[in-house]
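In what follows, a single structure is set out as structure tokens and then discussed.
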Amino acid sequence: MIEGIVQIGKALYNPDDPISNFIIGIEPTRKNRQLSILKINFNLKQDKVEIDVSEEMDKYTSQKYTFVGSADGSNSAQWYVSSTSSNYHLTETFYNLSSIDFGEELNTKIKKIFNSYYVDFGDELKPKYRYALDLAKCGVLSTTMEELYEEIKREIEDEKELGKKLLEKIKGEFEAYLNNEKGIDSNDIGLYTIFIDGEPLSNFKEYKDAVIESKKPKTKYRKEVMGVCSICGSNEDISSDMTKMKIKYYTTNQVIFASDLSSNNYYKNMQMCSDCMSKFLAGENYILNQLKTKLASFDVYIIPQFVYGEPLNEEELNIVTKNIIDSFNTVKSMDGIENLRKNIIGSVDLREKDSYFLLNFMFFKSSQKATKIQRLVKDINPSIFEKISNASIRAKEDFNYLLGRKFKGTITLNTIYYMTPIRLKKGEATQYRDILEIYDAILTGKSLNKRHIINNIIECTKIIKLSKESYNINPEKEVLEFFMMRANMYIKFLEYMGCLKEGKVLDVSSLNLRDNVKNYIEKIGYDEQETAMFLLGYLIGEIGNVQYKKTEEGNKPILNKLNFNGLDEQKIIRLTKDVFDKLNQEKIRQYNEVTFFEMKRLLDANIENWDLNKDESLFYVLSGYSYATTLPMLREGVSNDK
């Protein structure tokens, strides 16, 4: 994967304009609202500060104002003059700029601005909070900054909170000014940048040179023997300093990961020459800008690695990138699969005559400190998109045949997320290893444990039935019966993907059942024990359908007989007796006697050597119940479109 990033950087790297390799794109709109640029112009000639918000953002804004993100590291001094937040410019930016050498002329201007337009609150505050733009001098504040500072000191109880609360107050006053005087909400500002005498500081050559220098590794490249470049094999200008990488590929703060358990040997993990490092950083920046996508609640980078036929320039790379993202979007959404049905070649055809590449899927989580990899799925053939699409279409066609065209549903990479129970905290998955293992298996063709998949599905049914909160499944939006039909479609999809083995299928020709029921058992591929449980569930569904029509509330008391904690052999026997009694009580035994007989025959033949665990038994009972319930629901026009 590292090699793939360098390949991307090789197509992009421009030694004549090195700053372009670090530009980070910004969307010019947010929630369909146009964003604006806020310019803070320090007019030294007229000794005043001017705030301008008249310019709207566009796709070229990042390049125009040299937006390269924030300085690397969570505790790094922030001095870049284009930012997506006002925080830095209101406080530390000019203090940090004043400690950098930009040459005499620019140094003089920066220090004049810092001394004239920023106030010093004293050394009891960290440099991050110690200095602030003088809002009174800018015409933003009617009181002095010192009075504002004293006000915050009186209000706080913990002195450790002083800096943070002071910044919040300063920012609040600044945003109120923007709202009242400039007629703009801070949420409609996408970029804050600094001007000096009407010229963007971001465009000064001295500033750009300093930014480029800041992106280089801190450890000097060394000529003495330290090994070779991990990418190209060169032994010149080698460095093991990987701190400038945005993504944390491996840890450097635990000695157990260092060679010979020595912190001095981290360089043996990876090192690069200056040329490969420049290309790597350019490639990494491109990935962050162009190859980021979303899968359910997870952020994903899809990184190509060319086996042969590397892209020669950015234009060729952009074509490959568009094909990759379009293809991935196709197989993660229902609309994408439906469009593929109409145009089967479509965007999933990534077979290039002149090049061949593999894909790396990096699931990650971003934090202030670094982008941490949650899972890396390596060396995937792009044909996987077509395989996923075909498996999805086959599973959908099976269920359209069994349930009719009114049944809406498609298994996509997104819907798979909702077949695995995941605890959420503030909307983010806190238990993600299981679902990422499933995604890994689908992308690589690995085998999955069917019992584990069924256990996950049963846990999901408990969430729905008991209305549990703080999970990725919303009980209010799920209908148990439709969920179980999708769950069976999901298992069929996994079989078509080769992730689950199909079992020994019962010969349905010997069963004395309705044709539609026999078709379902045969198409889904149930064995004798699975069929017995399916038929038991089917009878529960028939009883439930009658009970539903009898009551105004639409209740189904028969469901109270089901234990969602699972069904062992003794519970199955008791449930069978309860079902027989209810068939008599509801006066529908005569319509279901043959079905009950077939279920009992299969059950009696297998109960002494029962192979299904309690979750599997419950799964097949719920499948039969849901099948019997879904058919009349669809006939009555109840939609399962999700």
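Of note:
- Note on Cys138, Cys276: ascending count of other Cβ atoms within 10 Å places them as Cys138, Cys276, the fewest first.
- For the chain, the longest principal axis of the C-alpha atoms and the axis of helix 314-332 are separated by about 30°.
- Among the listed pairs Lys244/Lys372; Lys406/Lys504; Lys244/Lys365; Lys465/Lys504; Lys10/Lys216, those whose Cα-Cα separation exceeds 20 Å are Lys406/Lys504; Lys465/Lys504.
- The packing ranking, built from the mean of other Cβ atoms within 10 Å per residue, places the peptides 553-562, 292-301 in the order 292-301, 553-562, highest first.
- Take every pair of alpha-carbon atoms less than 8 Å apart whose residues are at least six positions apart; their mean separation over the length of the chain yields a relative contact order of 11 percent.
- Ranking Met242, Leu359, Ile607 by Cα position along the charge dipole of the chain, where only Lys, Arg, Asp and Glu carry charges on their C-beta atoms, puts Ile607 farthest toward the positive end.
- Amide H contacts of Tyr526 (H built 1.01 Å from N, under 5 Å, at least 5 apart or other chain): Leu506
- Charge-dipole axis of segment 507-642 as Lys and Arg at +1 and Asp and Glu at -1 on Cβ define it, positive-most pick from Ile572, Tyr625, Pro557: Pro557
- Segment 504-641: relative contact order as a whole-number percent, Cα under 8 Å and 6+ apart: 40 percent
- For Lys582, the aspartates and glutamates whose Cα comes closer than 18 Å to its Cα, not counting residues fewer than 8 places off in the same chain, are Glu542, Glu593, Glu598.
- Folded to 0 to 90 degrees: helix 433-444 orientation relative to the chain principal axis, Cα: 80 degrees
- Total charge dipole magnitude, the chain, about the Cα centre, Cβ charges on Lys, Arg, Asp, Glu only, Debye to nearest 20: 1640 debye
- Across Lys111/Lys205; Lys408/Lys462; Lys387/Lys462, pairs whose alpha-carbon gap is larger than 25 Å: Lys387/Lys462
- For segment 273-339 versus segment 424-502, the gap between their alpha-carbon centres in whole angstrom: 27 Å
- For segment 355-448, the relative contact order comes to 19 percent (Cα pairs under 8 Å, sequence separation of at least 6).
- The dipole here belongs to segment 471-547: it is taken about the Cα centre, uses +1 on the Cβ of Lys and Arg and -1 on the Cβ of Asp and Glu, and is about 160 debye.
- Of the trypsin sites (Lys or Arg not before Pro) found in segment 503-536, those that fall in a DSSP loop while having at most 15 other beta-carbon atoms within 10 Å are Lys504, Arg514.
- Under 15 Å of direct C-alpha separation, and excluding same-chain neighbours fewer than eight residues apart, Lys523 reaches these aspartates and glutamates: Glu397, Asp398, Glu495, Glu502, Asp507, Asp515.
- As a rough footprinting exposure proxy, the listed residues Ile416, Ile194 were ranked by other beta carbons within 10 Å of their own, and the order from fewest upward is Ile416, Ile194.
- Dipole in debye (nearest 20) - segment 35-214, about Cα centre, beta carbon charges: Lys, Arg +1; Asp, Glu -1: 300 debye
- Phi to ³J(HN,Hα) by Karplus 6.51 cos²θ - 1.76 cosθ + 1.60 over segment 90-96, Hz, x for Gly, Pro: 6, 10, 8, 3, 6, 4, 6
- Computed over the chain, the per-residue total of -39500 (n - 2.57) for DSSP H runs of n ≥ 4 gives a 222 nm mean residue ellipticity of -14000 deg cm²/dmol, rounded to 500.
- For segment 480-487, 3J(HN,Hα) per residue [Karplus equation, 6.51 cos²θ - 1.76 cosθ + 1.60, θ = phi - 60°, Hz, x = Gly/Pro]: 3, 5, 5, 4, 5, 5, 5, 5
- 17 Å Cα-Cα reach of Lys112 towards lysines, excluding residues that sit fewer than 8 places from it in its own chain: Lys45, Lys48, Lys137
- Computed from Cα atoms, the angle from the helix 145-155 axis to the main principal axis of the chain rounds to 40 degrees.
A short reminder: the numbers here are calculations on the coordinates, not readings from a lab. This structure is a prediction, so every number in the text was calculated from the model and none was measured. Cβ sites come from the backbone with ideal geometry, for glycine too, and all protein chains shown count toward neighbours.
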